[in-house]
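First comes the structure, then the notes that go with it.
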Amino acid sequence: MTEFAHDKVVPYSHSQRTKKEQVADMFDDIAGNYDFLNRFLSAGIDVRWRKKALQQLEGSANKRVLDVATGTADVAIMAARKLNPDKITGIDISDGMLEIGRKKIAKLELTQKIELLNGDSEAIKFNDNTFDAVTVAFGVRNFQHL
């Protein structure tokens, strides 16, 4: 497998853990502040990017959607509103981020539509043709093997 410079970028350079393990730890640590920091540091552009990405799926028959690297479920929540699929499954390696996402989903009364699971973007364990659409927002930057 070809290795690129970005493959060596890790959150904790002193750690012997894999990039994937470090990323999970980092996001567990910052989960409580992630949404605020994301909006603040991007000056809100992150919201517009999500809307633009989901516009690509509008008008399609998206009954079941998989949101990879779902984090705190911002894309899943926006997809529930914009696309109105029957079911959205979000996967992420950070339990801390998933917990924040589950709280947001419960508060918005979307628990019947959105399910969040611990899952690895590089080893997705669903059968072929389970989903009509797959989304991923900013998680790609953290994948160990692009």
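Brief remarks on what is shown
- Any hit, the stretch 61-73, residues being surrounded by 19 or more Cβ atoms within 10 Å (Cβ to Cβ), under 13 Å from PHE138 (Cβ atoms), in contact (Cβ under 8 Å) with a residue 40 or more places away in the chain and among the polar types (S, T, N, Q): yes
- ASP95 vs. criteria acidic (Asp, Glu) and either within 18 Å of PHE27 (Cα to Cα) or free of Cβ contacts under 8 Å to residues at least 60 places away in the same chain (or both): yes
- Pairs, first within 19 Å of VAL140 (Cα to Cα) in the stretch 35-60, second assigned to a helix (DSSP H, G or I) and acidic (Asp, Glu), C-beta under 6 Å, six or more apart: ASN38/ASP46
- Of the set (1) closer than 20 Å to ASN33 by Cα; (2) under 16 Å from the mean Cα position of the chain (by Cα); (3) of a type in the set (D, E, K, R), all apply to ASP120 but (1).
- On inspection, LEU41 fails the criterion of being of a type outside the set (S, T, N, Q), touching a strand residue (DSSP E or B) at 6+ places or on another chain (Cβ under 8 Å) and under 27 Å from LYS19 (Cα atoms).
- Scan of the stretch 107-125 for residues that are modelled with pLDDT of 95 or more and under 21 Å from ILE30 (Cβ atoms), ordered by number: LYS107, LEU116, LEU117, ASN118, GLY119
- Selection status of THR89, surrounded by 13 or more Cβ atoms within 10 Å (Cβ to Cβ), outside any helix (DSSP H, G or I) and modelled with pLDDT of 95 or more: yes
- Screening ALA106, ALA80 for residues that are surrounded by fewer than 14 Cβ atoms within 10 Å (Cβ to Cβ) and not in a loop (DSSP other than H, G, I, E, B) leaves exactly one candidate, ALA106.
The values are calculated or read from the model by the stated rules, or taken from the named source; none is laboratory data. Keep in mind the model is a prediction, meaning the values are calculated, not measured. Methodologically, a virtual Cβ is constructed for each residue, glycine included, from the backbone with ideal geometry; neighbour enumeration extends over all protein chains shown.
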